[in-house]
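Trainee: Got a structure here, written out as C-alpha cells. Questions coming.
The values are calculated or read from the model by the stated rules, or taken from the named source; none is laboratory data. Nothing here was measured: the structure is a model prediction, and the numbers come from that model. Please note: Cβ atoms are built from the backbone with ideal geometry, for glycine as well, and neighbour counts cover all protein chains shown.
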Amino acid sequence: MQTWGQARYYLLRTSEKRLSYVSENASFRLNKDIISKLKREAEQKQISFNTLANQIFDFYVNFTSSASADMMPVPKAALVDLVEGYTEEQLEAHAERVYKKVGLDIIYQLRGRYDFESVLGVWDYRLKASGVPYKHTIDEHNKDRHTFIIQYSMGKKWSLVVAETMKRYFEPLSAKKAEYTITDNMVAITVEGEG
C-alpha cells in the first residue's frame, strides 16, 4: 500500500481517457474521527485511503470551490413537491429559463470554456455532487456518443426537468438532438458531440 510520503504517478479517469499526473507529497493533521470515517468509506469502496483523498481534493478543486455560489443543497421532497404543481410545458420552459440565466456561467466558472467535453465534465461532477446513482457510458463504435442513466427516483416530472435541462446544455454543441427516456425513477439521455 502506498503512503502519502511516496512521490508517484497516479491515474485519473476522465470520460474514458486516462491522464497521468505527477503527484507531490503533502501532510495534513485531521480530526481522528474524520480520518476513521474516511478510512471506513475507502474500505467500503474498495479503494485506498490515498485514492479517496485524491478524489475528495479533486472534487473540491474542480467543482465545489467554483460552483458553490450558483448551487445549494435542497431536500429531494421539496423539489418533488415543487415540480408537481406544474405542467410538462411549464417545466420545459423552466429548464430553458434556468439554462439562459446560469447555464453558460456555470460551465465557464468550472472549466473556463464552453465546449462538449467541458459540459460532459461538469455534468459528471454535478451528478457526483448530488450523490444519486448514475452511469455515464461512451458508445464503443462512436466515441462522441455519450449516454447518462441517472436514477433520481423523484417522479416523472423531476425526470423531465433533468432531461430538459441537460438537453439545453448539450444541444448547442451536439451533432444531433439529444434523445431521452424518462420514468418515475430515472432519466436516460444520449448526447453526441460534433467530433
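Trainee: List the residue pairs whose Cβ atoms are under 8 Å apart, where the first residue sits in the stretch 102-125 and is assigned by TED's automatic domain parsing to the domain that holds ALA175, the second is among the basic types (Lys, Arg) and assigned to a helix (DSSP H, G or I), and the two are 6 or more positions apart or on different chains.
Mentor: GLY103/ARG168; SER118/ARG111; GLY121/ARG111; VAL122/ARG111
Trainee: So, one more: Go through GLY103, GLY112, GLY193 for me and flag whichever is on the phi > 0 side of the Ramachandran plot and at pLDDT below 95.
Mentor: GLY112
Trainee: For the stretch 9-40, give me each residue that is under 20 Å from the mean Cα position of the chain (by Cα) and at pLDDT 75 or above.
Mentor: none
Trainee: Let me ask something else. Please return the ranges of strands (runs of 3 or more DSSP E) entirely within the stretch 76-195 where 1 or more residues are surrounded by fewer than 17 Cβ atoms within 10 Å (Cβ to Cβ) and under 18 Å from the mean Cα position of the chain (by Cα).
Mentor: Fully inside the stretch 76-195 and qualifying: 134-138, 145-150.
Trainee: Are there any pairs, at least 6 apart or on different chains, whose C-beta atoms fall under 8 Å, with the first in the stretch 169-188 and under 17 Å from GLU88 (Cα atoms) and the second of a type in the set (Gly, Ala, Ser) and part of a loop (DSSP other than H, G, I, E, B), and if so, which?
Mentor: ASP184/SER153; ASP184/GLY155; ASN185/SER153; MET186/SER153
Trainee: For the structure I just gave you, tell me whether ALA78 is among the aliphatic types (A, V, I, L, M) and at pLDDT 90 or above.
Mentor: Judged against the criteria, ALA78 is a match.
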